[in-house]
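Just below is one structure, and these are the notes that go with it.
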Ligand code: HEM
């Protein structure tokens, strides 16, 4: 998948290079959308659909996820429902062949998901995200062509805005940390010395500092509010018993950042120093914590969930963020046009959203940039 992701990113980066700047919130949205639609679903839309129209429909659908869940005419959610219908009508004929092939496989395996997975593993078949999603939806009783199209839309939903916030949050933090940018640059010199200028899977797998940056940025600003679980038995937490059947919301930010017990047990401050990115960014943002013994601390990273429903896109999105940073940071320093963008936020919960017109980032060419191919 690296080549298709890289091609999409290069197209975006070339435009930013020409402009010398990026509106990082909006550009992260557009890039997240392109990656989700083209690289992740793998559905070939070229020449079959008006792509700009299709992207607009997906954007309308995604916007509906943030509106009030009341379907009034003209509301975001009503528009999203109409867009969803148009998207599914478009996807169904394009996915027919893929759906029929999977459906036949499903029937042949006696509708047994475990059997399908072991058949795939034994035959060495590569399991794409969309195939995993079709398997998921078939396993829960959805076996029509519309269900398969819906599973592709769910993938776009799972990947689009999460990737957007992962990209935006990482950029927003790094653009305020020139010393950390220099360390990234130094690591890139070593990568080039060892693997050459090509940014392929091998090179990307050998960037421990960039891995640590990714984790640290998402630890401080998670691009997710966590997930839900239904208790299968009573659970007693600090003397309070939640009965079986209760729906529990595990909140990534609260779990990994606000609960000081997870880190050092010191409850004397309102905002612990390791999360105080507003007043103490250099102190809070410590990629090194993922490179040493700190990495062994339990339960400190819930960004992608936990257990059997761990995010299937976790490694992919890490690769995407690293690829983008490599493309940009080998040549440029990042500088916020509005240095206090993160103090003027329009929203901080559940995600950080910059105030309108404050999200410009300058790409300042390095005197001796590094090549990539
Ligand atoms: C930074 C980006 C992302 C974040 C923060 C994120 C976060 C999450 C979280 C918190 C969950 C719930 C896990 C749970 O219930 O415990 C999840 C599930 C999931 N994610 Fe992601 N995700 C991201 C990107 C992606 C991408 C790119 C894809 C598609 C390739 C994807 C596909 C999925 C799917 C299919 C599930 C459901 C897994 C299951 O229920 O078994 N995610 N993700």
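Quick notes on this structure:
- Residue in region 24-38 that is assigned to a strand (DSSP E or B) and touching a strand residue (DSSP E or B) at 6+ places or on another chain (Cβ under 8 Å) present: no
- When residue 156 is tested against (1) farther than 20 Å from residue 302 by Cα; (2) buried (at least 20 other Cβ atoms within 10 Å of the Cβ); (3) more than 9 Å from the ligand (Cβ to nearest atom), exactly one condition is not met: (3).
- Among the residues of region 266-294, those identified as surrounded by fewer than 12 Cβ atoms within 10 Å (Cβ to Cβ) and modelled with pLDDT under 85 are 266, 267, 268, 269, 270, 292, 293.
- Unmet criterion (only one of (1) in a helix (DSSP H, G or I); (2) touching a residue at least 24 places away in the same chain (Cβ under 8 Å); (3) within 20 Å of residue 164 (Cβ to Cβ)) for residue 94: (3)
- Residue ID - modelled with the lowest pLDDT, chosen from residues in region 308-327 that are within 6 Å of the ligand (Cβ to nearest atom) and either closer than 15 Å to residue 202 by Cβ or under 12 Å from the mean Cα position of the chain (by Cα) (or both): 312
- Failed condition for residue 114, given (1) part of a helix (DSSP H, G or I); (2) away from the ligand (no atom under 15 Å from the Cβ); (3) surrounded by fewer than 20 Cβ atoms within 10 Å (Cβ to Cβ); (4) at pLDDT 90 or above: (2)
- Candidates 206, 169, filtered to the one that is in contact with a helix residue (DSSP H, G or I) (Cβ under 7 Å, 6 or more places away or on another chain), within 16 Å of the ligand (Cβ to nearest atom) and either part of a helix (DSSP H, G or I) or farther than 23 Å from residue 29 by Cβ (or both): 169
- Test: residue in region 140-153 that is exposed (fewer than 15 other Cβ atoms within 10 Å of the Cβ), in contact (Cβ under 8 Å) with a residue 12 or more places away in the chain and over 25 Å from residue 64 (Cα atoms): no
- Test set (1) within 16 Å of the ligand (Cβ to nearest atom); (2) in a loop (DSSP other than H, G, I, E, B) - residue 245 fails condition number: (1)
- Number of the exception - residue 12 against (1) more than 18 Å from residue 328 (Cα to Cα); (2) assigned to a helix (DSSP H, G or I); (3) touching a residue at least 12 places away in the same chain (Cβ under 8 Å): (1)
The values are calculated or read from the model by the stated rules, or taken from the named source; none is laboratory data. The structure presented is a predicted model; accordingly, all values stated were derived computationally and were not measured. Note: ideal-geometry Cβ built from the backbone for every residue, glycine included; neighbour counts use all protein chains shown.
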